[in-house]
Amino acid sequence: MELRSAEALLLDVVDLHDYDRIVTFLTREWGKKRGVAKGARRKHSRFGGQLQPLARARVDWMEKDNRDLVRISAVDLQRSARQLQQDLEGLLLSAYLADHIQEFVQENEPSDLFFRLLDSTVLAVVEGVDRGLATRYFEAWVLRLAGIFPVPEICPHCGRVLEASGVVLLVSGESMVCRACGTAAGRARNVSPEAVMFLRRIDSAKLVDMDRQRPEESTLDEIEQICTLVRRNFLQHELRSYQVIRETIAGLPGKPVPPSENP
Ligand SMILES: [Zn+2]
């Protein structure tokens, strides 16, 4: 049995039996962890109101070899993300961010960059950065950290430098290539110079800086479509929260869903 303690971002909290909760959390040192918070559903539990999705907290837990679930002994809230849980859009966004981490981060693997990305994104959104921009920034960065979506600088097929106005995305969603390689591959869609510039800019710009020179809505829509295609190609399925978002938005009056980018 080993006692551990780390700063964590809480990803998901679900009920277990009558009195307990299962908490999934992200740490820098050990990646994603899942643990039982015993008695967390009881009225005067020591976990009190601390188990909030996307909150930042110090978590203490006990670990046994060969057990998937750890046992959480204490959660000390450091930063709440309650502001994100007060409206439907915020709830959907929270689920979407957490879902990415659940899919792309492994258990028991150091995940400092993913931790920093999620931490800074949540902080920026709580402080008022545009939610649409934050979502696009986050999803493009997750793909980049996962090593499947590099900055579009060099064509991975022929090695030529990519001009911002000459980039295409293979419809298979595997990479961005130059126009000549796209034509040779058969099915590719144009990527606008603005979208290419966005993907280059996020490499060095923080979210708050991006917000000061906010890209056009059409560019953000395009980034969403590109990331969806690349992500789906990699995972071979869609994130559940993304489907929920699409269905929910489709059900709201006056919010038409853009045409699907399915090949
Ligand atoms: Zn090429």
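The values are calculated or read from the model by the stated rules, or taken from the named source; none is laboratory data. What you see is a predicted model, and the numbers here were worked out from it, not measured in a lab. Cβ coordinates were reconstructed from backbone atoms using ideal geometry, including for glycine residues, and neighbour counts include every protein chain displayed. Just the protein is used for accessible areas: all its heavy atoms, side chains included, with ligands, DNA and RNA removed. Shrake-Rupley method; radii C 1.70, N 1.55, O 1.52, S 1.80 Å.
Descriptive notes on the structure:
- With K and R counted +1 and D and E -1, the other residues having a Cβ less than 15 Å from that of Ala124 yield a net charge of +2.
- Put the Cα centre of segment 190-232 next to the Cα centre of segment 29-80 and the gap is 35 Å.
- Residue with peak Gaussian network fluctuation, the chain [Cα springs, cutoff 10 Å], from Cys178, Cys158, Cys227: Cys158
- Here the accessible area is traced with a 1.4 Å probe on the protein chains. For the chain, carbon and sulfur cover 48 percent of it.
- Cα gyration tensor shape of segment 1-141, rounded if a/c is under 1.5, else prolate or oblate by comparing a/b with b/c: oblate
- For the chain, the relative contact order works out to 14 percent when only alpha carbon pairs closer than 8 Å and six or more residues apart are counted.
- Radius 14 Å from Cβ of Gln83, net charge of other residues (Lys, Arg +1; Asp, Glu -1): +1
- Dipole of the chain, positive end: most advanced residue of Ser241, Pro215, Cys158 [Cβ charges, Cα centre]: Ser241
- P(r) histogram, all alpha-carbon pairs of segment 116-263 included - 10 Å bins from 0, percent: 11, 40, 37, 12, 1
- In order along segment 142-154, the Karplus-derived 3J(HN,Hα) couplings, from 6.51 cos²θ - 1.76 cosθ + 1.60 at θ = phi - 60°, round to 4, 5, 5, 5, 6, x, 10, 8, x, 4, x, 10, 10 Hz, and Gly and Pro are given as x.
- Charge tally around Val14: other residues with Cβ under 13 Å, Lys/Arg +1 each, Asp/Glu -1 each, net 0.
- GNM result for the chain, Cα springs below 10 Å: residue of Gln52, Gln83, Gln213 fluctuating most strongly: Gln213
- Using distinct alpha-carbon pairs, which all enter the 1/r mean, Kirkwood radius of segment 86-144 in Å: 11.8
- The chain - Cys residues lacking any other Cys C-beta under 4.7 Å: Cys158, Cys181, Cys227
- Exposed trypsin sites (Lys or Arg not before Pro) absent - longest run of the chain, DSSP non-H/G/I/E/B, at most 14 other C-beta within 10 Å: 68-159
- Accessible area expressed per residue, segment 96-180, with surrounding protein chains retained (probe 1.4 Å, Å²): 40
- Helix 88-104 axis versus longest C-alpha principal axis of the chain: approximately 90°, rounded to the nearest ten.
- Percentage relative contact order, segment 38-138, counting C-alpha pairs under 8 Å, at least six apart: 20
- Gyration tensor (Cα) of the chain, equivalent ellipsoid semi-axes in angstrom: 36, 20, 17
- Dividing the mean sequence gap of close Cα pairs (under 8 Å, 6+ apart) by how many residues segment 122-263 holds gives a relative contact order of 24 percent.
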